[in-house]
Amino acid sequence: MRVLKTALGLKTALQENQGQTVALVPTMGALHSGHLSLIARAKAENDLVVVSIFVNPLQFGQGEDYQKYPRPIEQDIDLCQAFDVDILFAPSVEAMAINQGQQQSLVVPPEHLVANLCGPFRPGHFAGVTTIVCKLFNIVQPNVAYFGEKDFQQLVILKKMVEDLRLPVIIKGCPTVQDPSGLALSSRNVYLNEQQKAQASGINTSLMLAKEAFSSGERKSSPLLTIVKQSLVQISPKFKLQYLELVDPNNLKQLETIEDTGVIAIAGYFGSTRLIDNILLNAQKPIVTIDGPAGAGKSTVTRKLAKELGLLYLDTGAMYRAAAWLIKSQAIALEDHVAIAEVMASMQLELLPCDSSKYSCEVYLNQQRITEQIRSLEVTSLVSQIAAIASVRTVLVKLQKELGKKGGLIAEGRDMGTEVFPQASLKIFLTASVAERARRRFKDLQNQGIEKVSLEELIHQITQRDHQDSTRKISPLRKAQDAVEIITDDLNLDQVCVNIVDLYLNKINQK
Ligand code: PAF
């Protein structure tokens, strides 16, 4: 691991690793298991992981704990080393071009996102966060950046910043990590004494009570918040509540009633220590993702499961086929990425349910029905090259995410669990040995009367395709950290599906 202190050093180190996907995990140090879970996920999903440690003066208000904020740098270096971080970026205040006391440019979040929750109590805080994160993005230029969901408002604001400023980075939110008592991990927990720590676990217990009421059908803000308040008075009497609000997780507006999803967010003090936490209340139907290498049986399994579980089959393959058809029908050369980006940006694609046993859906592109056309041999031969073009993926992943907003679907591909639906309730990584996948393909070809390819040749082709899929720069094939791997070598279709249905029912019952 390299520990670097300047933007120039970092830039030079990154230039040595050109072509690799770079993840950034921005932190203020005093690393705990919450940070380590972000690092582990970044490691699993990218080639190179940069962790930044910078206690950012811009985000501390007057009277806040900037001076006394914990800075155990030696311990942080050891933890990063142990988690195989590639670069630890630990700049000074000067290296981040912050001249305290002098005026400087700021990135300011929109009013409506700072009007609630922490915003009114910490004026200027979020502008401090967006400014520093924007600087870090400019210095590191990561492909992906990871943030904890505990700082929920921060996460929403950062996603909006990236969208509004068209920053070329994907923001990924990761679940809050709790200690065994349920207390959300925070670098500030070190300030708590034993009694405060014991009572602090009541915050999560109280939020969980609201979640139980929600699961039993309560949708109104007032009774849900009353449950939390009453419980806090009972089990955390020393907690001085600052705010307790139910908001829409997309725009942070206060909600009277939850339609699909809501977040209850809370902040308050034990003595002078400020703690925050939140809980997501989600009435949406689940999302299941099935990723894995070519020839593992993903489409057959997904189709069968969609029927058995009553979920919509999101046929992402049909979407890539539609893009291939569009590019082909407009006679755009595959090398002309600019023309492809233009045509993709204005494309209107609709997938509608259909009764046919032949197709998973009806496909309409710019109002034209192309359900059959996308299955032609010409499209089949183009689709994998088209799917590797950045602009095609950007547009289609955005659409897939949009379609996933309502939940209730099962999607199959290479990056469903890692990129498209990281929030999926159940992620499966379906795989089989190269020899077994080649054997199945060989049998299929024999059944179709095609006997030209030998088993050895198929083994070679599949090995090559696996290598291409897992090393390509855009959305490489990777098992999501929280995916369940199923190796299908010794399983038939029914056995695989029974396995997944069991996992699904377990997940749903846990909710
Ligand atoms: O969440 C944090 O630790 C900080 O707000 C961040 C994102 C590192 C910016 O200083």
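With respect to the stated conditions, residue 91 fails to be more than 25 Å from the chain's Cα centre (by Cα) and assigned to a helix (DSSP H, G or I).
Every test in (1) under 19 Å from residue 315 (Cβ atoms); (2) surrounded by fewer than 20 Cβ atoms within 10 Å (Cβ to Cβ) is passed by residue 501 save one, and that test is (1).
Only one of the numbered conditions (1) in contact with a strand residue (DSSP E or B) (Cβ under 8 Å, 6 or more places away or on another chain); (2) assigned to a loop (DSSP other than H, G, I, E, B) is violated by residue 139, and that is (2). Look at residue 80 and say whether it is crowded, with 16+ Cβ neighbours inside 10 Å and either more than 12 Å from the ligand (Cβ to nearest atom) or on the phi > 0 side of the Ramachandran plot (or both). Yes, satisfied. Do we find that residue 505 is assigned to a helix (DSSP H, G or I), under 30 Å from residue 280 (Cβ atoms) and modelled with pLDDT of 85 or more in this structure? For residue 505, the condition - assigned to a helix (DSSP H, G or I), under 30 Å from residue 280 (Cβ atoms) and modelled with pLDDT of 85 or more - is met.
Being away from the ligand (no atom under 11 Å from the Cβ) and open to solvent by 10 Å² or more (accessible area, probe 1.4 Å) is the requirement here; does residue 154 meet it? So residue 154 fails the test. Exactly one residue out of 289, 300 is surrounded by 20 or more Cβ atoms within 10 Å (Cβ to Cβ), in contact (Cβ under 8 Å) with a residue 40 or more places away in the chain and of a type outside the set (A, V, I, L, M), and it is 289. Restricting the range 43-72 to residues that are of a type in the set (A, V, I, L, M, F, W, C), modelled with pLDDT of 95 or more and not in a loop (DSSP other than H, G, I, E, B), which is farthest from the ligand (Cβ to nearest atom)? Among residues in the range 43-72 that are of a type in the set (A, V, I, L, M, F, W, C), modelled with pLDDT of 95 or more and not in a loop (DSSP other than H, G, I, E, B), the one farthest from the ligand (Cβ to nearest atom) is 48. If you go through the range 471-497 and keep only what is surrounded by 13 or more Cβ atoms within 10 Å (Cβ to Cβ) and free of Cβ contacts under 8 Å to residues at least 24 places away in the same chain, you end up with just 491. From the set of residues in the range 140-151 that are open to solvent by 20 Å² or more (accessible area, probe 1.4 Å) and within 13 Å of the ligand (Cβ to nearest atom), which is nearest to residue 104 (Cα to Cα)? Applying the filter and picking the extreme gives 151.
A quick yes/no check of all residues on (1) under 23 Å from residue 137 (Cβ atoms); (2) open to solvent by less than 70 Å² (accessible area, probe 1.4 Å); (3) not hydroxyl-bearing (Ser, Thr, Tyr):
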{"position": "59", "(1), (2), (3)": "yes, yes, yes"}
{"position": "63", "(1), (2), (3)": "no, no, yes"}
{"position": "66", "(1), (2), (3)": "yes, yes, no"}
{"position": "75", "(1), (2), (3)": "no, no, yes"}
{"position": "87", "(1), (2), (3)": "yes, yes, yes"}
{"position": "92", "(1), (2), (3)": "yes, yes, no"}
{"position": "101", "(1), (2), (3)": "no, no, yes"}
{"position": "110", "(1), (2), (3)": "yes, yes, yes"}
{"position": "117", "(1), (2), (3)": "no, yes, yes"}
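The strands (runs of 3 or more DSSP E) located wholly in the range 263-339 include none with 3 or more residues which are over 30 Å from residue 149 (Cα atoms).
Regarding residue 122, is this residue among the basic types (Lys, Arg), open to solvent by 20 Å² or more (accessible area, probe 1.4 Å) and over 19 Å from the mean Cα position of the chain (by Cα)? Against the criterion (among the basic types (Lys, Arg), open to solvent by 20 Å² or more (accessible area, probe 1.4 Å) and over 19 Å from the mean Cα position of the chain (by Cα)), residue 122 qualifies. Scanning the range 245-262 for residues that are assigned to a strand (DSSP E or B) and open to solvent by 20 Å² or more (accessible area, probe 1.4 Å) yields 245, 254, 257, 261. Counting the residues of the range 104-134 that are closer than 24 Å to residue 94 by Cβ, more than 11 Å from the ligand (Cβ to nearest atom) and assigned to a helix (DSSP H, G or I) gives 1.
For the range 157-171, taking the residues that are away from the ligand (no atom under 13 Å from the Cβ) and charged (D, E, K, R), the one that is surrounded by the most Cβ atoms within 10 Å (Cβ to Cβ) is identified as 160. Restricting attention to the range 318-363, the residues that are at pLDDT below 95, surrounded by 17 or more Cβ atoms within 10 Å (Cβ to Cβ) and of a type in the set (Gly, Ala, Ser) add up to 2. Evaluate the following for residue 396: is it in a strand (DSSP E or B) and either at pLDDT 90 or above or crowded, with 22+ Cβ neighbours inside 10 Å (or both)? Criteria not met by residue 396. Say whether the condition of being closer than 15 Å to residue 292 by Cβ, open to solvent by less than 70 Å² (accessible area, probe 1.4 Å) and charged (D, E, K, R) is met by at least one residue in the range 419-428. Looking through the range 419-428, at least one residue is closer than 15 Å to residue 292 by Cβ, open to solvent by less than 70 Å² (accessible area, probe 1.4 Å) and charged (D, E, K, R). Among the residues of the range 207-249, the one identified as polar (S, T, N, Q), in contact with a strand residue (DSSP E or B) (Cβ under 8 Å, 6 or more places away or on another chain) and over 19 Å from residue 271 (Cα atoms) is 221.
The values are calculated or read from the model by the stated rules, or taken from the named source; none is laboratory data. Because the structure is predicted, anything quoted here is derived from the model rather than measured. In this analysis, Cβ positions are derived from the backbone assuming ideal geometry, glycine residues included, and neighbour counts consider all displayed protein chains. SASA here: full protein model, heavy atoms, side chains in, ligands and nucleic acids out. Shrake-Rupley method; radii C 1.70, N 1.55, O 1.52, S 1.80 Å.
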